[in-house]
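The values are calculated or read from the model by the stated rules, or taken from the named source; none is laboratory data. Nothing here was measured: the structure is a model prediction, and the numbers come from that model. Neighbour counts run over all protein chains shown; Cβ positions are idealised from the backbone, glycine included.
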């Protein structure tokens, strides 16, 4: 790591801690004591208000109520930020207005040469959702569901929610404990434990009508929820052995509830064990498509007949 990059990283490291020592800087950045001391002195010279504590276990802390210096970005860090912005267009992400103003502020912080580089990158690189006719760097145009930001705002304070969902033309309310909020195939999904009937269910955010904290009288502890889910776990009915090519495909995409276990120290082979609900037609189709996506470098040890039939219909690779 170059010196300027290291010092910028150390400054962010310091900003996130109430107290730190030279030994911690040496260990976390793999540098000598003299280099650590020299970097700290340079950071102090730039205006960061550090206060040294004397004693055997002494260290440094940042003085309260002081203005910290402006964070500096390297050329590569600037490119990384804006390429990330470009790649996430039309991904239905929340906080669009804040993301737009952030991009404008970052553009104002960098030099004209850096701006020229970003404009050129924006013309060359195309991502999903990019308009090749008019790839405007600040045109971060996606329209997430209007309830998404409200859901996240409440979720930051409380995971026990009362959600109202539109189902079959009617509005239904569910008190839930939100396990995960995730984005898959362009759709935001709520993975929730329904407190009333103690079952787990996936709700599309697109069907969300209202959300608010759940009444406290209906709540059970997270520990009990996890215990109930553990007791409800289904027996494994899909077992796969993956080779290197299949592992590479797995890393590109895999269903949220499917995990991988490596079977050798070099991570060249792995095994997947999970349960597939064959009575859920959509899940059945998704898993069949995913198995075909993994390719030929898999060995199916156990599979439901319904999935095997679907594979045989679509590919002779799995024919007996």
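Results, tabulated for the structure shown:
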{"quantity": "Any hit, segment 200-214, residues being over 30 Å from residue 90 (Cα atoms) and loosely packed, with under 14 Cβ neighbours inside 10 Å", "calculated": "no"}
{"quantity": "Segment 225-262: number of residues that are surrounded by fewer than 11 Cβ atoms within 10 Å (Cβ to Cβ), modelled with pLDDT of 90 or more and over 24 Å from residue 282 (Cα atoms)", "calculated": "1"}
{"quantity": "Residues (in a helix (DSSP H, G or I) and surrounded by 13 or more Cβ atoms within 10 Å (Cβ to Cβ)) located in segment 7-24", "calculated": "7, 8, 9, 10, 11, 13, 14, 22, 24"}
{"quantity": "Enumerated helices (runs of 4 or more DSSP H) restricted to segment 85-168, each holding at least 3 residues that are more than 18 Å from residue 190 (Cβ to Cβ) and at pLDDT 80 or above", "calculated": "112-124"}
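This table checks each residue for (1) assigned by TED's automatic domain parsing to the domain that holds residue 115; (2) touching a strand residue (DSSP E or B) at 6+ places or on another chain (Cβ under 8 Å); (3) exposed (fewer than 15 other Cβ atoms within 10 Å of the Cβ); (4) modelled with pLDDT of 80 or more.
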| residue | (1), (2), (3), (4) |
| --- | --- |
| 26 | no, no, no, yes |
| 29 | no, no, no, yes |
| 37 | no, no, yes, yes |
| 40 | no, yes, no, yes |
| 52 | no, yes, yes, no |
| 58 | no, yes, yes, no |
| 68 | no, yes, yes, no |
| 77 | yes, no, yes, yes |
